[in-house]
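Following: one structure in structure tokens, then a few remarks.
The values are calculated or read from the model by the stated rules, or taken from the named source; none is laboratory data. Not measured: the values here are computed from a predicted model. No Cβ is skipped: glycine too gets one built from the backbone with ideal geometry, and neighbour counts run over all protein chains shown. Just so you know, the surface numbers come from the protein's heavy atoms only, side chains and all, with ligands and any DNA or RNA stripped out. Shrake-Rupley method; radii C 1.70, N 1.55, O 1.52, S 1.80 Å.
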Amino acid sequence: MGVIYIGDRYAGKTHLALELANPVHECVKVLSPGYNDLKSILCDPATGSTNPTSVMQPRQIDIQVRLPAGAGKVLVDWIDTPGEMWRLKWQQDNPLLWQQFLDVIKQSEGIMLVLSPYGEMIGANGNPDDFPTFQQWYKRFERWVEFFRAYCPNLRHLLICLNKADLFCDVKQESARLAYNTDSYMMNWHQRHNYILDHYFRPVKPQLEQLNRSINGLSVRCFITTIYDRSLLEIPWIYLGSFLSN
């Protein structure tokens, strides 16, 4: 079963996917496309920066996850979307494309959603003005909850990744605390989720509880991610491999 990989505009999902394909890995390896192939697709060769998304672009990524029971494989349907796609006017102007997207996501049992932090979270390493305010972020999060409730009746695993953790926490400390080890578990999945929920998602805890109740059989898990720490980057994918690998 495939996993849908989506996220907010400027949340960094393209960089996350590219860095995941880096040949230097721990428990998660991208089998295809290769790192250089993915880089040629996603990046401007002149600047090295990722290209902005102007049209809905589906891609498939095959991932191998090393687990205590052996290697598992996860198929990822990455649907890169333009920021305008989430606006009502775009949906009204592009009904066929919008319906195509809904047809795919309605059947999904697994979704990974990448979010940016909000400005009030940002520490000395970043500029709060580059990010939405808390109120803007909060309203956007509520729209995501409404979207999942309305269009994802078959959803069983929802992973919500608060990205760019290097800008709002001590990455080394959190990586050591949350690290996954195939030989021993420093935290189990439930403990990791509760820790991240209490420290980074507390303002939307009621919405997450409501979402869990509204879709029968749904399990929501929260993560923090960054391209600058391989362990934090891999943890959501290891979780997927634990439950969805074939």
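According to the square roots a ≥ b ≥ c of the eigenvalues of the Cα gyration tensor, what is the shape class of the range 205-246, taking rounded for a/c under 1.5, prolate for a/b larger than b/c otherwise, and oblate for the remainder?
oblate
Give me the net charge of Arg230's neighbourhood, meaning all other residues with Cβ under 9 Å from the Cβ of Arg230; Lys, Arg count +1, Asp, Glu -1.
Working: positive: none; negative: Glu19, Glu26, Asp229, Glu234.
Its environment carries a net charge of -4.
Could you give the distance between the Cα centres of the range 181-235 and the range 129-179, to the whole Å?
Measuring centre to centre over Cα atoms gives 10 Å.
Taking a ≥ b ≥ c as the square roots of the Cα gyration tensor eigenvalues, with a/c under 1.5 meaning rounded and otherwise prolate when a/b beats b/c, else oblate, which class fits the range 164-217?
Taking the square roots of the gyration eigenvalues as a ≥ b ≥ c, the range 164-217 is oblate.
Classify the range 50-202 from the C-alpha gyration tensor, please: rounded if a/c falls under 1.5, else prolate or oblate depending on whether a/b exceeds b/c.
Verdict is oblate for the range 50-202.
Using the Karplus equation 6.51 cos²θ - 1.76 cosθ + 1.60 (θ = phi - 60°), what ³J(HN,Hα) coupling, rounded to whole Hz, does each residue of the range 63-79 give in order, writing x for Gly and Pro?
These are the phi-based 3J(HN,Hα) values: 10, 10, 10, 8, 10, x, 7, x, 7, x, 10, 10, 9, 10, 9, 8, 9 Hz.
Once phi is turned into ³J(HN,Hα) by the Karplus curve 6.51 cos²θ - 1.76 cosθ + 1.60 with θ = phi - 60°, what whole-Hz value does each residue of the range 113-130 show in order, with x for glycine and proline?
Once rounded to whole Hz, the list reads 10, 9, 10, 8, x, 9, x, 5, 7, 5, x, 5, 7, x, 10, x, 5, 7.
Of the heavy-atom accessible surface of the range 144-246 (probe 1.4 angstrom), what whole percent is carbon and sulfur?
Working: 2060 of 4460 Å².
Its accessible area is 46 percent carbon and sulfur atoms.
Note the full-extension length gain between Glu120 and Ser40 as 0.36 nm times their separation in residues minus their Cα-Cα distance, in nm to one decimal.
Contour length minus Cα-Cα distance gives 25.3 nm.
Suppose only helical runs count, i.e. DSSP H with n ≥ 4. What mean residue ellipticity at 222 nm does that imply for the chain under -39500 (n - 2.57) per run, divided by all residues and rounded to the nearest 500 deg cm²/dmol? Show your work: numbers first, answer last.
Working: 9 runs with 97 residues, N = 246.
One gets -12000 deg cm²/dmol as the mean residue ellipticity at 222 nm.
So with the 1.4 Å probe, I'd like the accessible area per residue for the range 158-219, rounded to whole Å². Mind showing how you got there, number by number?
Values: 3050 Å² over 62 residues.
Using a 1.4 Å probe on heavy atoms only, each residue of the range 158-219 averages 49 Å².
Give the lysines reachable from Lys205 as a straight Cα distance under 25 Å; neighbours fewer than 8 places away on the same chain don't count.
Answer for Lys205, where 25 Å is the Cα cut-off: Lys13, Lys106, Lys139, Lys164, listed by chain and number.
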